[in-house]
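The values are calculated or read from the model by the stated rules, or taken from the named source; none is laboratory data. Since we're looking at a predicted model, the values are computed, not measured. Cβ atoms come from the backbone with ideal geometry, glycine included; neighbour counts cover every protein chain shown. We work out accessible area using only protein heavy atoms, side chains counted, and drop any ligands, DNA or RNA first. Shrake-Rupley method; radii C 1.70, N 1.55, O 1.52, S 1.80 Å.
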Amino acid sequence: MRTIINNARIFDGTGSPTRPGSVAIENGRVAAISPDNIAPQAGDIAIDADGKTLMPGMTEAHAHLTWPTSVEKFVPGMFLPPEELALTAARNARILLDHGFTSAYSAGALSKSLEISLAEHINSQGLPGPRLIPSSVEREPPNDSELDPGHVQDHGRGPEATAAFVKDCADIGAKAIKFLISGESALKPGASLELLYTEDELMAAGEQARASDVWLTGHAHAAEAVKLGVKSGFRVLYHCTYADEEALDMLESVKDFIFVAPTIGIVQATLDANPPPHMDMTHMKEDAALVLETQKALVPKLRERGIRLLPGGDYGFPFNPNGRNARDLELWVEHFNYTPSEVLQAATALGGEIMGMGNELGLVKEGYLADLLLVDGDPTEDVRLLQDKTNLHMIMQEGRLYKAPANSQHV
Ligand SMILES: [Zn+2]
């Protein structure tokens, strides 16, 4: 049994212009792509795309499914009792998928094991959600902000403690283990320029990650944090805001291994937020304005050096809800001078790569997994279309129709 999608305009994820075409999907993968219509056979599902855009599903590179707030449900803080947290994370997974994100790379969780269970339930098709690289908690020394995602468990200091933490997370099934290499000025003034770990601690974490075959993910604003992240073998670095020439050189030296997500969504959301009177965001807004200006200058330099940059914006905070993830694409066009096609390529083709599946995920290409969207309109003309889930006529994961178009027909 195949699924045939005729009369589409295909954005294949490479950044090439869309072109008219039809696609046959079989056994979870794209089996054929043709410029002409493909004749359905008995048993096939036939979909007339009617000129809509067929594109790869998107990847959220900085996902926080356990950050509670979503476009469906506002949660004032970060704390939820465990049962509520589990259900909320499962709901957020479904919400990301509803919004066209067929993959998500976790940037840390509010529970050490929750995302590992969640990924298992998603992968076994028991719950709807993006294919997920699950993380453990964000490892950081405690602080006193009410938006602090930390305080999850005791964290020891020293290289033995960081290595033991990595091993422990790997043993329970985490794939990406998150460290806050530098602090976060939005939560504590000046903290973005402070290192939270010593070189010895991070090198030990890196060594253990390689031994345990897991990836390290780092929150790194300060130049020295970027350098330490590269040196100790982090595979994903977020922000990189204050990277200097030396940090850029180091990032470039590992460009075939590393991924960077500047994480602009949370920054714009902070600037846009209208907080209730009891919440003073003055400092956060000042910091966000500085980060935005700095990253506008930084991103072109990262691109020039060929570093793989992905959208993903720390969605899940009360003023930056899960489900709004595609807004990052618009922000990249607005702030980073990306064309819609360029940012779509980052969200799709590079998404496959950050998931560790670049040879079979992230493109509309024969042999690739059929994680596909059918979009009303042309997102390569206006990338904002992807922010409205009603524009997604079809959401397919590995050939399965999660959201089937109304006109799909069993032949
Ligand atoms: Zn984050």
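Accessible area per residue for region 202-255, computed on protein heavy atoms with a 1.4 Å probe, is 34 Å². Among 368-379, 55-66, the peptide with the highest mean count of other Cβ atoms within 10 Å heads the list, and the full ranking is 55-66, 368-379.
Normalised by the number of residues in the chain, the average gap of Cα pairs under 8 Å and 6 or more apart makes the relative contact order 21 percent. Normalising the average separation of contacting C-alpha pairs (under 8 angstrom, six or more residues apart) by the number of residues puts the relative contact order of region 200-268 at 29 percent.
Could you tell me which of S182, L97, M396 has its Cα farthest along the dipole of the chain towards the positive end, charges placed at Cβ (Lys, Arg +1; Asp, Glu -1), taken about the Cα centre? Going by the Cα projections, it comes out as M396. In debye, nearest 20: dipole of region 69-213 around its Cα centre with unit charges on the Cβ of K, R (+) and D, E (-)? I would put it at about 520 debye. When the trypsin sites (Lys or Arg not before Pro) in region 220-282 are filtered for DSSP coil states and for at most 15 other beta-carbon atoms within 10 Å of their beta-carbon, the remaining sites are K255.
Solvent-accessible area per residue in region 83-134 equals 31 Å², computed with a 1.4 angstrom probe and all protein chains kept. Among the listed pairs K188/K301; K112/K175; K227/K255; K112/K178; K167/K255, those with a Cα-Cα distance over 20 Å are K188/K301; K167/K255.
Dipole magnitude for the chain: computed about the Cα centre from +1 point charges on Lys and Arg Cβ and -1 point charges on Asp and Glu Cβ, it is near 860 debye. A straight Cα-to-Cα reach below 18 Å connects K296 with the aspartates and glutamates D244, E245, D272, E286, D287, E304, D314, D328, E330, E334, E342, residues fewer than 8 places away in its own chain not being considered.
Tell me the carbon and sulfur percent of the accessible area for region 38-144, rounded to whole percent, probe radius 1.4 Å. The C+S portion of the solvent-accessible surface of region 38-144 is 57 percent. What you get for region 279-404, charging only the Cβ of Lys and Arg (+1) and of Asp and Glu (-1), is a dipole of about 180 debye around the Cα centre. Structure remark: mean-square fluctuation, Gaussian network model of the chain, C-alpha springs under 10 Å; the largest value among S135, S106, S253 belongs to S253. One chain, two ends: K231 and N337. Fully extended at 0.36 nm per residue, the span grows by 35.2 nm beyond their Cα-Cα distance. Using just its DSSP H runs of length 4 or more, each adding -39500 (n - 2.57), the chain gives a mean residue ellipticity at 222 nm of -10000 deg cm²/dmol after division by all residues.
The calculated FRET efficiency for the pair K285 and A39, based on their C-beta separation and a Förster distance of 60 Å, comes to about 0.55.
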